[in-house]
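Any read-out appearing in this document is the output of simple, stated calculations on the displayed coordinates, not a laboratory observation. What you see is a predicted model; the values in this text were computed from it and never measured. Ideal geometry is used to build each Cβ from the backbone, glycine not excepted, and the neighbour counts take in all protein chains shown.
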Ligand SMILES: Cc1cc2nc3c(=O)[nH]c(=O)nc-3n(C[C@H](O)[C@H](O)[C@H](O)COP(=O)(O)OP(=O)(O)OC[C@H]3O[C@@H](n4cnc5c(N)ncnc54)[C@H](O)[C@@H]3O)c2cc1C
């Protein structure tokens, strides 16, 4: 591991000052950054440990929006009754991450900034059109998560900026949301493919709103607008699998890597979308009763 300067701010103002040091990077839970530093794949002149910045660790209902501090851990998201009610897909995604030690250290902000195409919380945030609040000494800006993700490990984060919080609007009416992940084993596995699906049914039982996100099938986690379009207005029935198959072929072009073949990913994506849709529809019907 290369030498680096270590900073531990307590307030957000101190965090902004620390991150204005050229090349400084955040050390949040360290579950991505520390293994990479140990392998010699990552070196920086200064690491800014955010474990003391309590003001960025919260899950809040702010009326029209749910706001999550970027330092919220996966375990805190998994244990949140508010999120269970407002975004059950995010709760399932957070529960699926690594082991308990990883979930207790790893943060939502770290999962986002790391920008892995296989990151598990990202599909569940994308289906709620999540927006990020980025801050720095220069000021602040908001950016949709979808625009923030530029490629594997690449984001729109500028030098000196950090993710302060993530916000999204709750769904209303008869809606449901589910997350499903396929890994090489049932626990402690990076996703071979993952999906989050949110659906809203109208009073005739037809799909009036649908949002689908997929991970591990493209350079970033993606919203699948062609598949959404193909399903909008339809009745949720088993025959929709055909529509999903057709639209999936047009929408995704996964690669073969050490975890899976492209062919398997294609098939897996269709199956998990269908299963997540079934689960989301069930919840929507339950809410509509
Ligand atoms: C054993 C193990 C199992 C894992 N399993 C999974 C899994 O199943 N699914 C999954 O998705 N991931 C998994 N991961 C990856 C990792 O746990 C997650 O990506 C986690 O959310 C990273 O968060 P962190 O706080 O540990 O990030 P860190 O390692 O502290 O940081 C990661 C990157 O994000 C930057 N960063 C962190 N916070 C901010 C912020 N607020 N603003 C700007 N930049 C920031 C850092 O500078 C760094 O570049 C696993 C990791 C391990 C070690």
Two-decimal Rg to Rh for segment 1-49 - Kirkwood Rh, Cα set | 0.97
Rounded to the nearest Å, what's the spacing between the alpha carbon centres of segment 100-127 and segment 5-81? Just the number, please.
-> 12 Å
Would you calculate, for the chain, the mean residue ellipticity at 222 nm contributed by helices, counting each DSSP H stretch of 4 or more residues as -39,500 (n - 2.57) and dividing by all residues, to the nearest 500?
-> -9500 deg cm²/dmol
Give the whole-number value, in cubic angstrom per residue, of the convex hull volume spanned by the C-alpha atoms of segment 137-199.
-> 145 Å³
Potential lengthening between residue 246 and residue 156 on full extension [0.36 nm per residue; Cα-Cα distance subtracted] = 29.2 nm
Where labels lie 7 Å past Cα in the beta-carbon direction, separation of residue 46 and residue 202 in nm = 5.6 nm
Taking segment 174-288, how much of its Cα-Cα pair set, in percent, is spaced more than 22 angstrom apart?
-> 28 percent
So what is the diffusion coefficient of the chain in µm² per second by Stokes-Einstein at 37 °C and 0.692 mPa s, using a Kirkwood Rh over Cα pairs?
-> 169 µm²/s
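Rank the residues 242, 16 as a footprinting-exposure proxy: fewest other Cβ atoms within 10 Å of their Cβ go first.
Fewest-to-most Cβ neighbours within 10 Å comes out as 242, 16.
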Largest first and rounded to whole Å, the semi-axes √(5λ) derived from the alpha carbon gyration tensor of segment 1-128 read 27, 18, 12
Sort 241, 56, 1, 37 so that the residue with the fewest other Cβ atoms within 10 Å of its own Cβ comes first and the one with the most comes last.
-> 1, 241, 37, 56
Work out, step by step, the length gained on full extension between residue 64 and residue 13: first 0.36 nm times the residue separation, then minus their alpha carbon distance; give nm to one decimal.
-> 15.7 nm
Antiparallel content of DSSP bridges confined to segment 1-81, in %, to 5 = 35 percent
Likely footprinting exposure, 67, 34, fewest C-beta neighbours within 10 Å first = 34, 67
State the antiparallel share, in %, of DSSP beta bridges confined to the chain, rounding to the nearest 5.
-> 85 percent
